[in-house]
Amino acid sequence: MASETSPRPADSLLDIQRTWWDRLAFIGRLLWRDKGGMLGLFLFLLVVFSAVFAPWIAPHDPLEQVMEDSKMPPAWSVGGSWEHLLGTDTLGRDIFSRIIYGSRVSLTVGFFGVLIAGTLGMIIGAIAGYLGGRVDSVITNTVNLVLSLPYLLFVVFIAAIFGRSLLNVILIFGITDAPIFARVTRGEVLKIRESGYVESARCAGASWARIVFDHIMPNLIGPLITLATFEMSAMIFYEAGLGFLGLSVPPSVPSWGNMLAAGRQYLTSYPWIATFPGVAIMITSLGMNLLGDWLRDVLDPRLRRARK
Amino acid sequence: MLRYFLIRLGQSLALMFGVLLLVFMMLRVTGDPAALMLPREASAAEIEAFRERMGFNRPIIVQFADFLSKAVVGDFGESLHFRTPAMTLVTQRLPATVELAATGLLFAVLIGVPIGMMGGLKPGSAADSLARLLALMGQSIPNFWLAMLMILFFGVQLRWFPTFGRGAWNSVVMPAFVLGLPVMGQIVRLTRSTVLEIRSEDFVRTAYSKGLEPPVIYLKHILRNASIPIISVIGVQFGYMLGGSIYIETIFAWPGMGQLLQLAIGWRDFPLVQAIAIFTSTVVIALNLLTDLVYAIIDPRIRYGF
Amino acid sequence: MAIILEVRDLKTRFYTVDGVVHAVNGVSFDLAKGETLAIVGESGSGKSVSVMSLLRLIPMPPGRIESGQALFYGSDGPKDLLRLSQKELRDIRGGAIGFVFQDPATSLNPILTVGEQIIEIITRHLHLSRHEARERALQLLASVGIPDPEVRLGCYPFQLSGGMRQRVMIAIAIACNPQIVIADEPTTALDVTVQAQIVELFKRLRQELGMALIWITHDLGIVAGLADRVMVMYGGRPAEVALVDELYDHPLHPYTIGLLGALPRLDVDESRRLVSIRGTPPDLMIPIQHCPFAWRCDYAFPRCWEEIPPLVEVRPKHMAACFFDIERGEPRHDGN
C-alpha cells in the first residue's frame, strides 16, 4: 500500500473543493468541528488586529508620561479609573495602550523571524535532501549538532554583543532558528525523493521548475506552515525573555518583554505592571499553539479519504 | 556499540571545537572587542591599553591558537569585574544550577510521564483532556512570568515558600517547578502521542493475547518502548534547562550560573560571559553524549546495529 | 467428536469517524476437540475480526461486540467467552487458547529478548520457577525447530529471520499447552519455501500435542493439505462450511466456486484461464438485507436481493448460504 503514504500533488481535502467560496466554507466547517482551532484562530486574529490597528484602538499614546497618574492600579481596583483600564506604570504610561503597541513588536519579530528562518532553513534543507550524499551528510550533522546546543544561552550571548535593536533581534532569531526548518524540510524532501514520484514525473518529461513548483512545494507547505506557527509562538516568548533581560528592543519602545522587566522591580508594590504583559504573551502563545495544532491536523496529506 | 560511541564522541569533540570557534568569533565580530568590553566612557588611551593587555592586537590566528591552548586546560582569562579567574567563578556556581535543573526535570518527568501515559492509553477520557491541557499550558505560559506570579501568591501572600535565594529545602520548590513546567508540557505531549502510537502496534496485541496482567503490559511492553524517544527528549531538555535557567535564577535570586550570566552581561564582563557560555555548552554536549549512551542501552537495535 | 468451541450468531461492528463498519454479521460455527478448521475469505470478509472478537483482541474503542455467544468447553466446564470477566479472560488467553499472528516482524516486542517473551507467558500461566520456565522455553524452541536454542534464547527478534521469528511466535502460542491454537494468516508474510516449512511444523505439533487449530487464511491452496473442515466467509458471514474434500469436490456457493476457479492447478489443461471473480468486495458500512455476494454472482436471481440466505445443510454435513442450487443449475425450492 505504498500509495497510502507517498505524497501526491496537492491532494489534500482542501484541494478537492471547487471554488474559493467552497474552500472557505470547508475551512469554516473544519474550524467549527475543532473548537480549539477556532479559539486559536480567534486569539491570533485578535492580536494581529491590535497590532495593525494599534494607533486607532489604543486609548493613549504609549510613550506619554503623565506623572500625576502614575502607579494607578487597574480600573476595577480601588484608586483606579476607567481612563486607564489596566492602570499605569511608574512613569505614568497607560499600560493597556502599551500592551496593544507591544503586540507590534512581538508580531514583527515573530513574523519576520520565521520568514527568515523558514526561507533559510528551507533552502538548506532542500539542498541537503535533494543532493544527498556528502553534502547532505555534512549539512545534517551540522544541523543536528547546532540544535543540540543550549539555544537560549547563545541567543542571549549574541544579543549581548550586538546591542538592542529590533533588527538585531529579528536577525538573531531568524538565523538561529533556521536549523529547525532545515531539518523538517530535509525530511519532507527525502520522503518525496524516496517515493519515486519525482522520477516518474521526470520520465513524463516534466521540467525542473515544474517538478519543484507542482510537486515538491505543495507537500512542503503543510508541515512548514505548521512549524512556522509554533516557531512564531516560540519567538514571541524569546523576545519577551530577551526584553526581560534588557537585551531586546530599546527601553523606550513598548514591548511586552520590556514591560515585564520594568514591572519586576515593583512586583510586590504594583503587581499589575508585570502581570498584564504576561497575560498578553500567554494569550498570543495559546492562540498560536492551538492554531498550530489545528493546522497540523488539517494540512495532513493523509486526510484524503472522501467523506460522505 | 563501541564504534557508535566513538563516532558520537568524535562528533562531540568536533562540536566543542565549533563552539569555541563560534564564541571566539562572536566576541570579535564587531571589529573591536576592546570597545565592546569597556564602558562607553573609556578614553581612547584606556581602550588601547586594554587592547595591549588582552592581546587583541595580535593576528587573529595567533589569538585563536592562544585561546584554544588555554581553553583546553580550562583557562578562560580573568573576569573583568571580579579580577579572578573566570572559570573558577563559573564552576563555583555549577552545583546550584544543577540542583535546580535536576529538581525541575524530576518534577517534569514524575508528573509528565504518568499523565501523558494515561492520556495515551485512554484517549478521549478525562485523563486525556488533562494531559492535553497540561501540554498546552506548559507550552503557552511564559514561565518567567508565572514565576513572578507564584512569588506574589505562594511566597508573599501565602508564605508557603521563600521568595528568593537558595537556602532551606523548600526554596528550590518554586523555581524548580517553574523551570520544569515547559519541559513537563513537552513530555506530556510526547509521552501521550508515543503511547498512543505504540498501543496499537502488533506486539502489544500479542502481549494481550498472552493473558498478561495490565500493569505488565503497560510497563514492560508499552512504556519501555515508548521510553526511547522520551529519554532522548529528556536528555535534550535537561541541557536546555541548564542553559535556560537564566530567567528563573534571576527572578528567584538563585546563585547559579544563569544568574551569574545575567549579572555578567549587565557588567559587560565578556570574559566571564564567554566562560559561562563555553562551560554550559560543554556540559550540554557531554549530557547529549550520555543520553545517546543510555539510548543505546535501552534499544538493542542500536547496540547491535553498529 | 467432543465439541470444544461453539460460536453462535457473533456480530461485531466498528464505530469509526466515517461511519459504522459491519465487520461480522452473524457468524456461527463449531470446533471439535483436536480438529483443524480453516476459515477462508478475502480481505474484509470478517474472518480475522470474528475470531479475534472471541477473546476481545480487537481495538475496543471503535469496535464493539454487539451480540453472540461463544461457548468454550475448557477444563472447568463451558464458559461463554464473550461474557467473561477481564480476569477470566486473561486466564484463557495464552493459557487455554494460544495465538499466532500474521506478521512476526511486528508481532514480537523489538526490545525484549526472545527468551523473555516466551518465559513471560510461561510464568503467567504455569506456576514454574524462573529456572524451570527457562528450561521449558528451551524445550519449546527446540520443538519448533530452532537450532541452537541456548543461543537464540538471548537473541532479539531483529536478529532472526522471518521464518525463525514465526517459529518463536508458535513456541509462544503452544507454551502452555493450549486446547486451541488460533493462527491468523501465519504464513502470509513469509517466503513460499518457508511457508511450507511452517505448515509442516503445525502438522507435527498438532499430532504431538493434539490441540484444535483454527487457521485463518485467504489462500485456499494451503488449506487442502492441512484442514479437516473449511468455513468460507464473505461479507462478514459464513458462505459455506464443509469437510475439506467435500468442499473441493462439491462446492455449493458461487463464491467458493469462484475461489477454486482462481486457483492455479497442475492437473488441468494449461490453456484454461484463471477465472477471477468479477466486481469488488462489499462496502461493509452499508448494512444490507440481502445476500452480500449478489452483486458479483453469476447466478443471482430476484430472491437473492430480497432476503439474506441462511446457512443450511444442503448435503450431509455440508452447509451453504445460498438460494441457488448449483448442482441442478436452478433456484432451490425445498422450503428454504
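Rule-based calculations on the coordinates, nothing more; no lab input. Keep in mind it's a predicted model, so treat the numbers as computed, not measured. All Cβ positions, glycine included, derive from the backbone under ideal geometry; neighbour counts span all protein chains shown.
For chain C, the relative contact order is 19 percent, taking Cα pairs closer than 8 Å that sit 6 or more residues apart in sequence and dividing their mean separation by the residue count. Charge tally around B:Gly119: other residues with Cβ under 10 Å, Lys/Arg +1 each, Asp/Glu -1 each, net +3.
Of the residues C:Ala96, A:Ser70, C:Leu37, the one whose Cα sits farthest towards the positive end of the charge dipole of the protein assembly as shown is A:Ser70 (charges of +1 on Lys and Arg Cβ, -1 on Asp and Glu Cβ, taken about the Cα centre). For the peptides C:214-227, A:83-96, the ranking by packing is A:83-96, C:214-227, with the highest mean count of neighbouring Cβ atoms within 10 Å listed first. From most to least packed by mean Cβ count within 10 Å, the peptides B:7-19, C:91-103, A:218-230, C:292-304 give C:91-103, A:218-230, C:292-304, B:7-19.
With only Cα atoms counted, chain B has Rg and Dmax values of 23.5, 83 Å. Kirkwood analysis of region B:265-306, using all unique Cα-Cα pairs, places the hydrodynamic radius at 12.4 Å. If R0 equals 25 Å, the separation of the Cβ atoms of C:Glu330 and C:His290 corresponds to a calculated FRET efficiency of about 0.80. Modelled this way, with points 7 Å down the Cα-to-C-beta line, the labels at C:Gln139 and B:Asp66 are 7.9 nm from one another.
Peptide A:236-248 has a mean of 3 when you count, residue by residue, the C-beta atoms of other protein chains within 10 Å of its C-beta. Restricting the calculation to alpha carbons of region C:104-175 gives Rg and Dmax of 10.9, 31 angstrom. Legend: mean number of C-beta atoms from other chains within 10 angstrom of residue C-beta atoms, peptide B:272-285, equals 3. Put a plus charge on the Cβ of each Lys and Arg, a minus charge on the Cβ of each Asp and Glu, and nothing anywhere else: the dipole of region C:104-175 about its Cα centre is then about 120 debye. Between helix A:20-33 and chain A there is an angle of about 70 degrees, using the helix long axis and the longest principal axis of the Cα atoms. Report the paramagnetic label zone for B:Arg303: residues of region C:151-178 whose backbone N is under 18 Å from a point 7 Å from Cα along the Cα-to-Cβ axis. So the set is C:151-160.
The helix-only estimate of mean residue ellipticity at 222 nm for chain A, built from DSSP H runs of length n ≥ 4 each weighted as -39500 (n - 2.57), is -22500 deg cm²/dmol after division by the residue total. Here the dipole of region B:127-235 is about 140 debye; that uses its Cα centre as origin and unit charges on the Cβ of Lys and Arg (positive) and Asp and Glu (negative). Above 28 Å, the calculated P(r) of chain C contains 45 percent of its Cα-Cα pairs.
Give the dimensionless ratio obtained when the Cα radius of gyration of the protein assembly as shown is divided by 2.2 N^0.38 Å.
On the way: Rg = 34.6 Å, N = 950, 2.2 N^0.38 = 29.8 Å.
Dividing the Cα radius of gyration by 2.2 N^0.38 Å gives 1.16.
Using Cβ point charges alone (K and R +1, D and E -1), the dipole size of chain A about the Cα centre works out to roughly 980 debye. Sorting B:40-53, C:116-129 by average packing, meaning the other beta carbons within 10 Å per residue, from highest down gives C:116-129, B:40-53. In chain C, a dipole from Cβ-located charges (positive for Lys and Arg, negative for Asp and Glu) runs towards its positive end, and of C:His131, C:Ala224, C:Val51 it is C:His131 whose Cα lies farthest in that direction.
Counting, for every residue in C:105-113, the Cβ atoms of other protein chains within 10 Å of its Cβ and taking the mean gives 6.
For chain C, the longest principal axis of the C-alpha atoms and the axis of helix C:130-143 are separated by about 50°.
Working from label points 7 Å from Cα in the Cα-to-Cβ sense, the A:Arg29 to A:Glu194 distance is 3.5 nm.
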